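Trainee: Pasting a structure below so you can have a look.
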Amino acid sequence: MMKFKYQSSPPQKVFLSLKNVSKKYAQQNSESNTVLENINIQILDGEIITILGKSGCGKSTLLNLIAGFENSFGGEILLNEKPVKDISPERIMMFQESALFPWLTAFQNVEFALKIAKVPKNQREKQAKNYLKIVGLSDYSNSYIHQLSGGMKQRVSLARALSLNPKILLMDEPFAALDITIKKTLYKELLNLHKKTRKTILFVTHNINEAVLLGDRVIVMSPRIYGIKKEYAIDIPKDQRDDDLSIKNIINQITADLYDNA
Amino acid sequence: METQIKSNSKKVSLSHKIVNKIINKDTLSLVIFIGVFLAVWQLVYMSEFFPKISLPSPLAVGQTIIELVLDFTLVKGTAFTLWRLFLGFLISLTLGLIIGLFMIKFQQFGKTMSSFAVGLQSFPSIAWIPFAILLIGFNDSGILFVVVMSCVFSVMLSTYSGLRNVPPIYIRAARNMGAKGFTLFRYVLIPAATPTLIMGMRQAWSFAWHALIGAEMLITTLVGLGYILSVGREFSNMSQIIATMIVIFTIGLIFDRVVFIKIEEKIRDRWGLDQQKID
């Protein structure tokens, strides 16, 4: 087994730590299928980490492991130095497709999360309203899910996730199905929300621009090696990334990395 | 000029709406349909293709309906039939839901039971009647038995498949938010399965209705719409037979259109199941 090393000297407390994480799926013909091998990631409190990779590189599997959807894996995942086990509202996942409940209104969807968390009724109504307001959907609180556009759905999902005040937000290509203009507004809103809440976010995507625009660090994964190919720290302030030249260079480098199969 | 055209078209659409409200298009076509049907019936009657005793005129049947209502034969028959229907449906619903839940809980049982239930679901309800007569006898319980056997499997199967086909992403999201056990079942699985459950209930209701009239005709208990039908046959009273058939038809229509369609529409609307995806 590889010895664990810090990728860079940690100036802050490590919040989420993955040590030698591996995952194999047992296949029917008894040949086991490796998806992840020796993944080591250190995430600091309040960071946005984007995980970039082509389909099949195991990036969603990694997110599922952190969320606790799957409990059998090799290595260790520590959140605040405690091993991650089972599903928990402190690690909330946001999916690519809307996982909102179609039998409830936007408001009721957010309230549902708080109801499960046993927040008293009058308090949770106030909170649900507040979170819908934060994502700019106050006017749509009584709409059923099918009446909302794709972007609005993901905003409600975000409101629902944030209302539970999770320690870490896991985002599995949440904007992949949206068109580019809506994506851009949502990037801005997500970054604004992050500024306010300083939530730690792990964001999985196959979109290079998205990864570079949002991440404090971009982790590039490759299916060939079942793991991390390279890691980029991006020091440019997020509100300047849209038209920064060096961003273009980073994008080019990452593109080269992603499509270089060696 | 343009504004004039616009306001004109607005007026037209407004008056259109008012007309629509008074004479609903559906209602209108229904009235015409019934009118044509009665006219054809009257013509066949007048052509004397069938002897008058075998095919009475619409007017005679109308008179019979009024007579049978006034002497309470139809009122009493309808009341008893509906009571049996309600009771049988309630028993089937309870049993079907409970067994359906067991099928979800115990997978192997569910697998076996579901193929068994598919076979029994398409089993002709009338074929249960001799069995019911010998097992239970000529009484209300015998009729209820046939009704329950004819529709409990639809409830069972729709509970089973409705719950099994809940999109995993809903369950995942709910569990992620901390829902488990009964909370997950009550607030996620049940509402997510509701469209399938309602469809199953509607089918079960119609099976129960078929079975009930058949059972009432053959398991004689001296009361009920099916019994009035069989009495009509014994006395060769075609007027009474047609009058009862009309009542049976109307009850079926009312339940399907008013009760089930309304519930289904409400759910479909809320879920957006009728919407075509444009974006």
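Trainee: Going through the stretch A:174-223, which trypsin sites (Lys or Arg not before Pro) have at most 12 other Cβ atoms within 10 Å and a DSSP loop state?
Mentor: Of the trypsin sites (Lys or Arg not before Pro), the ones in loops of the stretch A:174-223 whose Cβ has at most 12 other Cβ atoms within 10 Å are A:Arg198.
Trainee: Something else now. Long-range amide H contacts for A:Phe203: which residues qualify at under 5 Å (H placed 1.01 Å from N, peptide plane, sequence gap of 5 or more or a different chain)?
Mentor: For A:Phe203, whose amide H was placed from the backbone, the distant partners under 5 Å are A:Ile49, A:Thr50, A:Ile51, A:Met171.
Trainee: At R0 = 22 Å, how high is the FRET efficiency between B:Ser54 and B:Ser230 if r is their beta carbon distance? Nearest 0.05 is fine. All intermediate terms of the calculation are to be shown ahead of the outcome.
Mentor: On the way: r = 17 Å, r/R0 = 0.79.
Rounded to the nearest 0.05, the efficiency is 0.80.
Trainee: Can you work out ³J(HN,Hα) from phi for every residue in the stretch B:88-104, in order, using Karplus 6.51 cos²θ - 1.76 cosθ + 1.60 and θ = phi - 60°, giving whole Hz and x for Gly and Pro?
Mentor: With coefficients 6.51, -1.76 and 1.60, one gets x, 5, 4, 4, 4, 4, 5, 4, x, 5, 5, 5, x, 5, 4, 5, 6 Hz.
Trainee: Let me ask something else about it. Just to be sure I understand: with springs between alpha-carbon atoms less than 10 Å apart, which residue in B:Leu163, B:Leu55, B:Leu38 has the highest mean-square fluctuation in the Gaussian network model of chain B?
Mentor: Looking only at B:Leu163, B:Leu55, B:Leu38, the largest GNM fluctuation is found for B:Leu38.
Trainee: Now for a separate question. Taking amide hydrogens as modeled 1.01 Å from N in the peptide plane, which residues meet the under 5 Å criterion relative to A:Met221, leaving out close sequence neighbours?
Mentor: A:Leu52, A:Gly53, A:Lys229
Trainee: Would you compute the Debye intensity of the stretch A:154-262 from its alpha-carbon atoms alone, equal scatterers and no solvent, and pass along log10 I(q)/I(0) at q = 0.13, 0.22 Å⁻¹ to two decimals?
Mentor: Reported log10 I(q)/I(0), two decimals: -0.52, -1.36.
Trainee: Still on this structure: So what does B:Glu265 come to for accessible area, using a 1.4 Å probe and Å² rounded to 10?
Mentor: That residue has around 100 Å² of solvent-accessible surface.
Trainee: log₁₀ I(q)/I(0) of chain B at q = 0.10, 0.15 Å⁻¹, via Debye over equal Cα point scatterers, no solvent, to two decimals?
Mentor: Each listed q corresponds, in turn, to -0.75, -1.16.
Trainee: Among B:Asn176, B:Asn139, B:Asn165, which one shows the biggest mean-square fluctuation in a GNM of chain B, springs joining Cα atoms closer than 10 Å?
Mentor: Per the Cα network of chain B with a 10 Å cutoff, B:Asn176 tops the list.
Trainee: Where does helix A:121-134 land angle-wise versus the long Cα axis of chain A, in degrees 0 to 90, nearest 10?
Mentor: 60
Trainee: Looking at the stretch A:88-130, what % of the alpha carbon pairs are farther apart than 14 Å?
Mentor: Tail fraction, whole percent: 52.
Trainee: Based on the Cα gyration tensor of the stretch A:18-102, what are the three equivalent ellipsoid semi-axes, each the root of five times an eigenvalue, rounded to whole Å and given largest first?
Mentor: One finds semi-axes of 21, 18, 14 Å for the stretch A:18-102.
Trainee: Would you list the P(r) distribution for the protein assembly as shown, with all Cα-Cα distances sorted into 10 Å bins from 0 and each bin expressed as a whole %?
Mentor: Bin by bin from 0 Å, the calculated values are 3, 13, 18, 18, 15, 12, 10, 7, 4, 1, 0.
Trainee: Which parts of the stretch A:59-92 would a label at A:Ala26 reach, counting a residue when its backbone N lies under 14 Å from a point 7 Å out along Cα-to-Cβ?
Mentor: A:71-73
Trainee: Okay, next question. Kirkwood Rh over Cα pairs of the stretch B:45-186 into Stokes-Einstein at 10 °C, 1.306 mPa s: D in µm²/s?
Mentor: Value of D from the Cα-based Kirkwood radius: 83 µm²/s.
Trainee: Put a dot 7 Å past each Cα toward the Cβ at B:Thr27 and B:Ala79; how far apart are the dots in nm?
Mentor: 3.0
Trainee: Nearest 5 percent is fine: what portion of the DSSP beta bridges confined to the protein assembly as shown is antiparallel?
Mentor: Expressed as a percentage, antiparallel bridges in the protein assembly as shown total about 55.
Trainee: Using the Karplus curve 6.51 cos²θ - 1.76 cosθ + 1.60 with θ = phi - 60°, what ³J(HN,Hα) values do you get for each residue of the stretch B:195-212, in whole Hz, with x for Gly and Pro?
Mentor: x, 5, 4, 5, 4, x, 5, 5, 5, 4, 4, 5, 4, 4, 4, 4, 5, 4
Trainee: Additional query: Looking at chain B as a GNM with Cα springs under 10 Å, which of B:Gly178, B:Gly200, B:Gly142 has the largest mean-square fluctuation?
Mentor: For chain B, modelled as a Gaussian network with Cα springs under 10 Å, the answer is B:Gly178.
Trainee: Which entries of B:Lys76/B:Lys266; A:Lys19/A:Lys115; A:Lys54/A:Lys183 show an alpha-carbon separation above 31 angstrom in the structure shown? Display every interim value, and only then the final one.
Mentor: Numbers: B:Lys76/B:Lys266 33 Å; A:Lys19/A:Lys115 35 Å; A:Lys54/A:Lys183 19 Å.
Result: B:Lys76/B:Lys266; A:Lys19/A:Lys115 exceed 31 Å.
Trainee: With all distinct Cα pairs included, what does the Kirkwood hydrodynamic radius of the stretch B:158-279 come out to in Å, to one decimal, could you say?
Mentor: 17.7
Trainee: Next question. Mind grabbing the interface size between A and B? I mean buried accessible area, both sides, 1.4 Å probe, in Å² to the nearest hundred.
Mentor: Interface area, both chains combined: 2100 Å², rounded to the nearest 100.
Trainee: Angle, helix A:245-259 long axis vs. longest principal axis of chain A, Cα atoms, 0 to 90°, nearest 10?
Mentor: 60
Trainee: If I ignore ligands, DNA and RNA and count only protein heavy atoms, how much of A:Ser17 is accessible to a 1.4 Å probe, in Å² to the nearest 10?
Mentor: Spelled out: A:Ser17, probe radius 1.4 Å, area about 10 Å².
Trainee: Something else: What is the mean number of Cβ atoms from other protein chains located within 10 Å of the Cβ atom of each residue in peptide A:94-104, rounded to a whole number?
Mentor: 5
Trainee: Here's a follow-up. Across the stretch A:214-223, in residue order, what do the Karplus-derived ³J(HN,Hα) couplings come to in whole Hz, using 6.51 cos²θ - 1.76 cosθ + 1.60 with θ = phi - 60° and x for Gly and Pro?
Mentor: Once θ is set to phi - 60°, the couplings for the stretch A:214-223 become 9, x, 6, 9, 10, 9, 9, 10, 10, x Hz.
Trainee: Same structure again: What is the average number of partner chain Cβ atoms found within 10 Å of a Cβ in B:164-173?
Mentor: 4
Trainee: Sticking with this structure for a sec: Largest first, what is the accessible-area ranking of A:Leu114, A:Leu213 with a 1.4 Å probe?
Mentor: Correct descending sequence by accessible area is A:Leu213, A:Leu114.
The values are calculated or read from the model by the stated rules, or taken from the named source; none is laboratory data. All values reported here derive from a predicted model rather than from experimental measurement. Here Cβ is always computed from backbone atoms with ideal geometry, including for glycine, and neighbour counts include all displayed protein chains. Surface areas here come from the heavy atoms of the whole protein model, side chains and all, with no ligands, DNA or RNA. Shrake-Rupley method; radii C 1.70, N 1.55, O 1.52, S 1.80 Å.
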